[in-house]
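Worksheet: the structure to be examined is printed underneath.
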């Protein structure tokens, strides 16, 4: 008989991450038609903002640094990869202590939407809410914004983490 401990940690992580990245789409389908779309979007954004706060708690538990833009961006990437899996891929375009520009080229949420036949553009505001929340919770002196998104049809998500002015 197989026991959960017999399954490699990497395999368990990939399965859990795939489930985690499918769940928001599943909730969206479940609530569609049951509550007003605008009400659902407001609830969804609040959930993702809280997710950013929880991600900050995980970063603290792991003693991950967040004193400048490079550390904030790196910690955000580490925490998000732990939570949402190895499909998350980014490349650094510009990096200094006050500003980091990245291109996200892999996203489990986008992959799940495509696999499930769901229009991914509905995930952009949720992703922005989570991303801004985690960055500002990691270090309130920094902000985050996307210039574009793969779920909106762009070839990558261009992301900026920078010192607030």
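Details
- Descending by average beta-carbon neighbour count within 10 Å, the peptides 100-111, 19-30 line up as 100-111, 19-30, the highest first.
- GNM flexibility winner over the chain from 129, 55, 154 (Cα, springs under 10 Å): 154
- Ordering 95, 158 by the number of other Cβ atoms within 10 Å of each residue's own Cβ, fewest first, gives 95, 158.
- For segment 4-163, the antiparallel share of DSSP beta bridges with both residues in that region comes to about 95%.
- Relative contact order of segment 4-163: 26 percent, from C-alpha pairs under 8 Å at least 6 residues apart in sequence.
- Residue among 147, 45, 58 with the largest mean-square fluctuation in a Gaussian network model of the chain, springs linking Cα atoms under 10 Å: 147
- Computed [θ] at 222 nm, deg cm²/dmol, the chain (DSSP H ≥ 4; -39,500 (n - 2.57); rounded to nearest 500): -18000 deg cm²/dmol
- Ratio Rg/Rh [Cα only; Rh per Kirkwood] for segment 64-125: 1.04
- Alpha-carbon Debye profile of the chain, log10 I(q)/I(0) at 0.14, 0.17 Å⁻¹: -0.74, -1.06
- Each of 6, 60, 36 was scored by other Cβ atoms within 10 Å of its Cβ. Listed from fewest to most, they are 6, 36, 60.
Every number here is computed from the coordinates shown, using simple stated rules; none is lab data. A quick note: this is a predicted structure, and the numbers were derived from the prediction, not measured. All Cβ positions, glycine included, derive from the backbone under ideal geometry; neighbour counts span all protein chains shown.
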